[in-house]
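Trainee: Please see the structure below; I have some questions.
The values are calculated or read from the model by the stated rules, or taken from the named source; none is laboratory data. Small disclaimer: the values here were computed from a predicted structure and weren't measured. Methodologically, a virtual Cβ is constructed for each residue, glycine included, from the backbone with ideal geometry; neighbour enumeration extends over all protein chains shown.
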Amino acid sequence: MTVLDTSVPHVPVLMVLDDYEPVADVELPAGYRFAAWEPRFCEPWVRLHVLLGQLPSYDEGLAYFERTYESDPAALERQMILVVDEKDELVGTSSLWRGDHFGEPRLRVHWVGVSPDHQRRGLARALMLETIRLYDELVPSGEPPLYLTTQTESWVACGMYLKLGFVPYAGPMPPSFDADPETFEEKNDEAWAIIRGKLAEARRSRS
């Protein structure tokens, strides 16, 4: 994913995977492969997300990783998705991890990111497809649906999520979502107006 676009107001949003085709084996571009989790990937994982602006600093990111992922080693090994290049260096990540935004633990897309030097090669899309494939493997019924949290600054990623079948969440504010219940609907509408506006602007600039 790209570095966050801080030129737009920050508004968090939710997306839910709606109607989609089951994902078979996911192919990566030449020179890349999926890698199983190993402890050696911890430091590169933190540094990648600091570089992308998704974590404030290396020390805080490391503490977050230890507090979150290392609290469940079995899930970390099973649900962390990594892409490495020909040098066996980490260039992209995603994961399925517990989220409680809807009032009960359920899996969500977590920490998708691709190194700036390796973007625009289809890696983010491949990571998301592999995440969806793994979700279907772990939750065969597809219920509850897979979801993710993002924000207006990630409008480029939102465009990709929309193409993959995710739709903006438009229901009442989930019980554990970090927002003001009185303004949630208004802010949600505002956020999607910003995201769709930026996506339309990007399309016009390419035409």
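Trainee: Restricting the search to region 34-83, which residues are of a type in the set (A, V, I, L, M) and farther than 21 Å from I132 by Cα?
Mentor: Answer for region 34-83, where residues must be of a type in the set (A, V, I, L, M) and farther than 21 Å from I132 by Cα: V46, L48, V50, L51, L52, L55, L62, A63.
Trainee: If I go through region 137-153 residue by residue, how many of them are among the polar types (S, T, N, Q), outside any strand (DSSP E or B) and in contact with a Phe, Trp or Tyr (Cβ under 9 Å, 6 or more places away or on another chain)?
Mentor: Initially, region 137-153 is screened for residues among the polar types (S, T, N, Q), giving 141, 149-152.
Okay, now just the ones that are also outside any strand (DSSP E or B), so 141, 152.
Filter once more, so that each one left must be in contact with a Phe, Trp or Tyr (Cβ under 9 Å, 6 or more places away or on another chain): 152.
Within region 137-153, residues that are among the polar types (S, T, N, Q), outside any strand (DSSP E or B) and in contact with a Phe, Trp or Tyr (Cβ under 9 Å, 6 or more places away or on another chain) number 1.
Trainee: Condition (residue is farther than 20 Å from L17 by Cβ, part of a loop (DSSP other than H, G, I, E, B) and not β-branched (V, I, T)) applied to region 181-192: is it met by at least one residue?
Mentor: Scanning region 181-192, I find at least one residue that is farther than 20 Å from L17 by Cβ, part of a loop (DSSP other than H, G, I, E, B) and not β-branched (V, I, T), so the answer is yes.
Trainee: List every residue pair whose Cβ atoms sit under 9 Å apart, with the two residues 6 or more apart in sequence or on different chains, where the first one lies in region 163-177 and is in contact (Cβ under 8 Å) with a residue 60 or more places away in the chain and the second, anywhere, is in a strand (DSSP E or B) and of a type in the set (S, T, Y).
Mentor: These pairs meet every condition: F166/Y147; Y169/Y147; F177/T149.
Trainee: Just one of G113, G142, G99, G122 is under 17 Å from the mean Cα position of the chain (by Cα) and within 19 Å of A24 (Cβ to Cβ); which is it?
Mentor: G122
To keep it simple, each residue is scored yes or no on (1) of a type in the set (A, V, I, L, M); (2) on the phi < 0 side of the Ramachandran plot.
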{"site": "L107", "(1), (2)": "yes, yes"}
{"site": "H110", "(1), (2)": "no, yes"}
{"site": "R120", "(1), (2)": "no, no"}
{"site": "P144", "(1), (2)": "no, yes"}
{"site": "T150", "(1), (2)": "no, yes"}
{"site": "P174", "(1), (2)": "no, yes"}
{"site": "A191", "(1), (2)": "yes, yes"}
{"site": "A202", "(1), (2)": "yes, yes"}
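Trainee: What residue, among those in region 1-10 that are under 17 Å from the mean Cα position of the chain (by Cα) and more than 18 Å from H110 (Cα to Cα), is modelled with the lowest pLDDT?
Mentor: That would be D5.
Trainee: Given the conditions (1) more than 17 Å from the chain's Cα centre (by Cα); (2) within 23 Å of L123 (Cβ to Cβ), report the number of the one that R47 does not fulfil.
Mentor: Of (1) more than 17 Å from the chain's Cα centre (by Cα); (2) within 23 Å of L123 (Cβ to Cβ), only one is false for R47: (1).
Trainee: Hey, could you check region 14-33 for residues that are within 30 Å of E190 (Cβ to Cβ) and of a type in the set (A, V, I, L, M, F, W, C) and say which is surrounded by the fewest Cβ atoms within 10 Å (Cβ to Cβ)?
Mentor: Among those that are within 30 Å of E190 (Cβ to Cβ) and of a type in the set (A, V, I, L, M, F, W, C), it is V16.
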